[in-house]
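In what follows, a single structure is set out as C-alpha coordinates and then discussed.
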Amino acid sequence: MNTYKVDLHTHTVLSPCGDLEMSPASIVKRAKEKKIDILGITDHNSTKNCKALNDIAKDNDLLILKGAEVTTKEEVHCLAFFENDDELFDFQNYLEEHLPEIENDVNKFGYQVVVDKDENILEQIDWLLISALDVDINQIEHKVHELNGLFIPAHIDKARYSLLSQLGFVPSDLKIDALEISKFVKKDEFVKQNNYLADYCFIQSSDAHFLENIGDTDTYFQMENKSFSEIRKALKGENGRKVIVNE
(Lines give C-alpha, C1' and ligand atoms only; values in the text may rest on other atoms or scores of the structure.)
Protein backbone atom coordinates (compact mmCIF):
# COMPACT_ATOMS: atom_id res chain seq x y z
CA MET A 1 0.00 0.00 0.00
CA ASN A 2 1.00 3.62 -0.56
CA THR A 3 0.46 6.42 1.94
CA TYR A 4 -1.04 9.71 0.75
CA LYS A 5 -1.48 12.99 2.59
CA VAL A 6 -5.06 14.22 2.26
CA ASP A 7 -6.97 17.44 2.98
CA LEU A 8 -10.59 17.15 1.88
CA HIS A 9 -12.02 20.53 2.89
CA THR A 10 -10.77 23.58 0.97
CA HIS A 11 -12.57 26.75 -0.11
CA THR A 12 -11.74 28.91 -3.12
CA VAL A 13 -12.58 32.48 -4.14
CA LEU A 14 -16.03 31.18 -5.03
CA SER A 15 -16.98 30.88 -1.35
CA PRO A 16 -17.92 34.33 -0.01
CA CYS A 17 -15.87 33.58 3.12
CA GLY A 18 -12.88 32.43 1.06
CA ASP A 19 -9.92 34.79 0.86
CA LEU A 20 -9.38 36.48 -2.50
CA GLU A 21 -5.95 34.85 -2.66
CA MET A 22 -7.60 31.41 -2.83
CA SER A 23 -7.27 31.18 -6.59
CA PRO A 24 -6.90 27.77 -8.24
CA ALA A 25 -3.23 28.28 -9.11
CA SER A 26 -2.36 29.53 -5.63
CA ILE A 27 -4.22 26.67 -3.96
CA VAL A 28 -2.41 24.04 -6.03
CA LYS A 29 0.96 25.70 -5.36
CA ARG A 30 0.32 25.74 -1.61
CA ALA A 31 -0.94 22.15 -1.60
CA LYS A 32 2.27 21.02 -3.28
CA GLU A 33 4.35 22.97 -0.75
CA LYS A 34 2.53 21.12 2.04
CA LYS A 35 3.15 17.79 0.26
CA ILE A 36 -0.56 17.09 -0.13
CA ASP A 37 -1.43 14.30 -2.54
CA ILE A 38 -5.24 14.58 -2.56
CA LEU A 39 -7.15 17.84 -2.10
CA GLY A 40 -10.91 18.20 -1.73
CA ILE A 41 -12.49 21.32 -3.21
CA THR A 42 -15.58 22.20 -1.19
CA ASP A 43 -17.02 25.64 -1.86
CA HIS A 44 -20.30 26.49 -0.21
CA ASN A 45 -23.22 25.09 -2.22
CA SER A 46 -21.35 25.19 -5.52
CA THR A 47 -18.98 23.00 -7.53
CA LYS A 48 -18.16 25.57 -10.20
CA ASN A 49 -14.49 26.12 -9.38
CA CYS A 50 -13.65 22.41 -9.40
CA LYS A 51 -12.82 22.43 -13.10
CA ALA A 52 -10.15 25.12 -12.85
CA LEU A 53 -8.52 23.37 -9.89
CA ASN A 54 -8.60 20.05 -11.70
CA ASP A 55 -7.12 21.54 -14.88
CA ILE A 56 -4.10 22.86 -12.97
CA ALA A 57 -3.71 19.90 -10.62
CA LYS A 58 -3.43 17.40 -13.47
CA ASP A 59 -0.02 18.84 -14.35
CA ASN A 60 1.12 18.87 -10.72
CA ASP A 61 0.57 15.26 -9.65
CA LEU A 62 -2.25 16.37 -7.35
CA LEU A 63 -5.60 14.57 -7.26
CA ILE A 64 -8.56 16.92 -6.87
CA LEU A 65 -11.60 15.44 -5.18
CA LYS A 66 -14.40 17.46 -6.74
CA GLY A 67 -17.36 18.47 -4.62
CA ALA A 68 -19.03 21.04 -2.40
CA GLU A 69 -19.81 21.87 1.20
CA VAL A 70 -23.60 21.69 1.28
CA THR A 71 -25.78 23.48 3.83
CA THR A 72 -28.89 21.45 4.59
CA LYS A 73 -32.29 22.81 5.57
CA GLU A 74 -31.31 22.18 9.20
CA GLU A 75 -28.13 24.25 8.59
CA VAL A 76 -25.87 21.21 8.84
CA HIS A 77 -22.73 21.45 6.73
CA CYS A 78 -21.90 18.29 4.74
CA LEU A 79 -19.19 17.47 2.22
CA ALA A 80 -20.22 15.80 -1.03
CA PHE A 81 -17.77 14.45 -3.62
CA PHE A 82 -18.20 12.99 -7.10
CA GLU A 83 -15.96 11.03 -9.41
CA ASN A 84 -17.27 12.01 -12.84
CA ASP A 85 -18.02 15.39 -14.39
CA ASP A 86 -21.52 14.30 -15.40
CA GLU A 87 -22.38 13.48 -11.78
CA LEU A 88 -20.81 16.75 -10.63
CA PHE A 89 -22.84 18.66 -13.22
CA ASP A 90 -26.06 16.97 -12.11
CA PHE A 91 -25.34 17.82 -8.49
CA GLN A 92 -24.59 21.44 -9.42
CA ASN A 93 -28.02 21.64 -11.04
CA TYR A 94 -29.53 20.15 -7.87
CA LEU A 95 -27.80 22.79 -5.74
CA GLU A 96 -29.02 25.61 -7.96
CA GLU A 97 -32.56 24.23 -7.91
CA HIS A 98 -32.66 24.23 -4.10
CA LEU A 99 -30.62 27.33 -3.21
CA PRO A 100 -32.92 30.22 -2.14
CA GLU A 101 -32.70 33.39 -4.18
CA ILE A 102 -31.17 35.60 -1.49
CA GLU A 103 -28.97 38.25 -3.08
CA ASN A 104 -25.36 38.32 -1.96
CA ASP A 105 -24.17 41.50 -0.23
CA VAL A 106 -20.60 41.75 -1.46
CA ASN A 107 -19.64 44.32 1.18
CA LYS A 108 -20.92 42.10 3.98
CA PHE A 109 -20.10 38.58 2.79
CA GLY A 110 -17.51 38.95 0.02
CA TYR A 111 -17.25 38.15 -3.68
CA GLN A 112 -18.36 34.84 -5.20
CA VAL A 113 -16.47 34.33 -8.44
CA VAL A 114 -15.99 31.44 -10.84
CA VAL A 115 -12.58 31.52 -12.52
CA ASP A 116 -10.61 29.56 -15.07
CA LYS A 117 -7.11 28.14 -14.60
CA ASP A 118 -5.59 31.46 -15.69
CA GLU A 119 -7.62 33.33 -13.05
CA ASN A 120 -9.91 35.01 -15.54
CA ILE A 121 -13.32 35.66 -13.99
CA LEU A 122 -15.96 33.67 -15.84
CA GLU A 123 -18.96 34.40 -13.66
CA GLN A 124 -20.01 36.17 -10.48
CA ILE A 125 -22.69 34.33 -8.51
CA ASP A 126 -25.53 36.62 -7.42
CA TRP A 127 -27.30 34.39 -4.89
CA LEU A 128 -25.69 34.05 -1.46
CA LEU A 129 -23.99 30.65 -1.45
CA ILE A 130 -23.82 30.25 2.34
CA SER A 131 -27.62 30.08 2.58
CA ALA A 132 -29.30 26.83 3.62
CA LEU A 133 -30.88 24.77 0.85
CA ASP A 134 -34.60 24.03 1.04
CA VAL A 135 -34.02 20.26 1.38
CA ASP A 136 -33.12 18.30 4.50
CA ILE A 137 -30.06 16.22 5.26
CA ASN A 138 -31.72 12.91 4.37
CA GLN A 139 -32.78 14.21 0.97
CA ILE A 140 -29.30 15.53 0.24
CA GLU A 141 -27.63 12.31 1.37
CA HIS A 142 -29.98 10.34 -0.88
CA LYS A 143 -29.18 12.58 -3.85
CA VAL A 144 -25.42 12.31 -3.30
CA HIS A 145 -25.55 8.52 -3.21
CA GLU A 146 -27.96 8.39 -6.15
CA LEU A 147 -25.13 10.08 -8.08
CA ASN A 148 -22.57 7.57 -6.71
CA GLY A 149 -20.97 10.25 -4.57
CA LEU A 150 -19.45 10.32 -1.10
CA PHE A 151 -21.35 11.95 1.76
CA ILE A 152 -19.42 13.24 4.79
CA PRO A 153 -20.96 15.45 7.49
CA ALA A 154 -18.47 18.27 8.09
CA HIS A 155 -16.65 19.37 11.27
CA ILE A 156 -19.15 17.53 13.48
CA ASP A 157 -17.37 18.65 16.66
CA LYS A 158 -18.12 22.33 16.05
CA ALA A 159 -20.71 24.28 18.03
CA ARG A 160 -22.28 25.73 14.86
CA TYR A 161 -23.34 24.29 11.50
CA SER A 162 -22.52 20.71 12.43
CA LEU A 163 -24.57 17.55 12.64
CA LEU A 164 -24.21 17.45 16.42
CA SER A 165 -24.89 21.15 16.99
CA GLN A 166 -28.00 21.18 14.80
CA LEU A 167 -29.52 17.74 15.47
CA GLY A 168 -27.78 16.73 18.69
CA PHE A 169 -26.83 13.27 17.42
CA VAL A 170 -25.86 11.29 14.34
CA PRO A 171 -29.00 9.53 13.02
CA SER A 172 -28.42 5.80 12.67
CA ASP A 173 -30.39 5.67 9.41
CA LEU A 174 -28.21 8.31 7.69
CA LYS A 175 -25.91 6.65 5.17
CA ILE A 176 -22.57 8.22 5.97
CA ASP A 177 -19.27 7.45 4.22
CA ALA A 178 -17.22 9.16 6.94
CA LEU A 179 -17.44 11.82 9.62
CA GLU A 180 -15.19 14.86 9.52
CA ILE A 181 -13.70 16.44 12.63
CA SER A 182 -12.04 19.84 12.68
CA LYS A 183 -8.38 20.54 13.31
CA PHE A 184 -9.22 21.71 16.83
CA VAL A 185 -9.88 18.25 18.33
CA LYS A 186 -8.18 14.89 18.52
CA LYS A 187 -10.02 11.86 17.29
CA ASP A 188 -9.54 9.70 20.38
CA GLU A 189 -10.76 12.44 22.73
CA PHE A 190 -13.78 13.12 20.53
CA VAL A 191 -14.72 9.44 20.32
CA LYS A 192 -14.40 9.04 24.09
CA GLN A 193 -17.00 11.78 24.47
CA ASN A 194 -19.19 10.26 21.73
CA ASN A 195 -18.51 6.54 22.03
CA TYR A 196 -21.57 5.58 19.97
CA LEU A 197 -19.62 6.91 16.95
CA ALA A 198 -16.58 4.67 17.50
CA ASP A 199 -17.34 2.44 14.52
CA TYR A 200 -17.50 5.30 11.99
CA CYS A 201 -14.63 6.25 9.72
CA PHE A 202 -13.21 9.68 10.59
CA ILE A 203 -11.31 12.20 8.51
CA GLN A 204 -9.78 15.45 9.72
CA SER A 205 -9.52 18.46 7.45
CA SER A 206 -8.27 22.03 7.49
CA ASP A 207 -11.48 23.74 6.24
CA ALA A 208 -9.03 26.20 4.72
CA HIS A 209 -10.30 29.65 3.74
CA PHE A 210 -6.77 31.08 3.56
CA LEU A 211 -3.69 29.75 1.78
CA GLU A 212 -1.65 29.38 4.96
CA ASN A 213 -4.22 26.97 6.43
CA ILE A 214 -4.20 24.42 3.62
CA GLY A 215 -2.87 21.14 5.00
CA ASP A 216 -3.09 22.25 8.65
CA THR A 217 -4.12 18.72 9.64
CA ASP A 218 -2.43 15.36 9.24
CA THR A 219 -4.79 12.89 7.59
CA TYR A 220 -3.35 10.03 5.56
CA PHE A 221 -4.98 7.43 3.34
CA GLN A 222 -3.27 4.10 2.80
CA MET A 223 -4.32 2.84 -0.65
CA GLU A 224 -3.03 1.23 -3.81
CA ASN A 225 -3.17 4.46 -5.81
CA LYS A 226 -4.66 7.95 -5.99
CA SER A 227 -8.18 7.43 -7.32
CA PHE A 228 -11.80 7.94 -6.36
CA SER A 229 -12.43 4.21 -6.18
CA GLU A 230 -9.47 3.71 -3.85
CA ILE A 231 -10.65 6.58 -1.65
CA ARG A 232 -14.05 4.91 -1.37
CA LYS A 233 -12.35 1.66 -0.33
CA ALA A 234 -10.17 3.46 2.22
CA LEU A 235 -13.21 5.07 3.84
CA LYS A 236 -14.76 1.61 4.11
CA GLY A 237 -11.52 0.05 5.34
CA GLU A 238 -11.62 -2.53 2.57
CA ASN A 239 -8.78 -4.96 1.75
CA GLY A 240 -6.13 -3.28 3.87
CA ARG A 241 -6.96 0.28 2.88
CA LYS A 242 -7.42 2.67 5.77
CA VAL A 243 -7.63 6.26 6.97
CA ILE A 244 -5.19 7.54 9.59
CA VAL A 245 -5.94 10.76 11.52
CA ASN A 246 -4.35 12.53 14.46
CA GLU A 247 -5.19 10.40 17.50
Restricting to helices (runs of 4 or more DSSP H) lying wholly in segment 42-116: which have 1 or more residues that are modelled with pLDDT of 95 or more? 50-57, 85-98
Would you confirm whether or not segment 18-38 contains a residue that is surrounded by 21 or more Cβ atoms within 10 Å (Cβ to Cβ), at pLDDT 95 or above, within 15 Å of Ile152 (Cβ to Cβ) and out of contact with any His (no Cβ under 6 Å at 6 or more places or on another chain)? yes
When residues of segment 146-164 are filtered for being surrounded by fewer than 17 Cβ atoms within 10 Å (Cβ to Cβ) and within 23 Å of Asp207 (Cβ to Cβ), how many remain? 2
Residues located in segment 210-232, provided they are crowded, with 18+ Cβ neighbours inside 10 Å and either of a type in the set (D, E, K, R) or part of a loop (DSSP other than H, G, I, E, B) (or both): Ile214, Gly215, Thr217, Glu230, Arg232
Per-region count, segment 128-160, residues among the acidic types (Asp, Glu), part of a helix (DSSP H, G or I) and without any contact (Cβ under 8 Å) to a residue 60 or more places away in the chain: 1
Please enumerate the residues belonging to segment 215-232 that are at pLDDT 95 or above and either over 17 Å from Val245 (Cβ atoms) or small (Gly, Ala, Ser) (or both). Glu224, Asn225, Lys226, Ser227, Phe228, Ser229, Glu230, Arg232
Step by step: first the residues of segment 1-17, then only those that are buried (at least 24 other Cβ atoms within 10 Å of the Cβ) and β-branched (Val, Ile, Thr), then the one that is farthest from Ala52 (Cα to Cα). Which residue is that? Val6
What are the pairs, 6+ residues apart or on separate chains, where a residue within segment 108-127 that is over 17 Å from Ile27 (Cβ atoms) has its Cβ under 8 Å from a residue that is in a loop (DSSP other than H, G, I, E, B) and among the hydrophobic types (A, V, I, L, M, F, W, C)? Phe109/Cys17; Phe109/Leu128; Phe109/Ile130; Ile125/Leu14; Trp127/Leu99; Trp127/Ile102
I need a count of the residues in segment 39-55 that are farther than 13 Å from Asp207 by Cβ and either touching a helix residue (DSSP H, G or I) at 6+ places or on another chain (Cβ under 7 Å) or surrounded by 22 or more Cβ atoms within 10 Å (Cβ to Cβ) (or both). 8
Residue tally, condition modelled with pLDDT under 95 and either farther than 21 Å from Ala68 by Cβ or surrounded by fewer than 15 Cβ atoms within 10 Å (Cβ to Cβ) (or both), over segment 171-189: 9
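The values are calculated or read from the model by the stated rules, or taken from the named source; none is laboratory data. None of the values given here were measured: they were computed from a predicted structure. Heads up, the Cβs are rebuilt from the backbone with ideal geometry, glycines too, and the neighbour counts pull from every protein chain shown.
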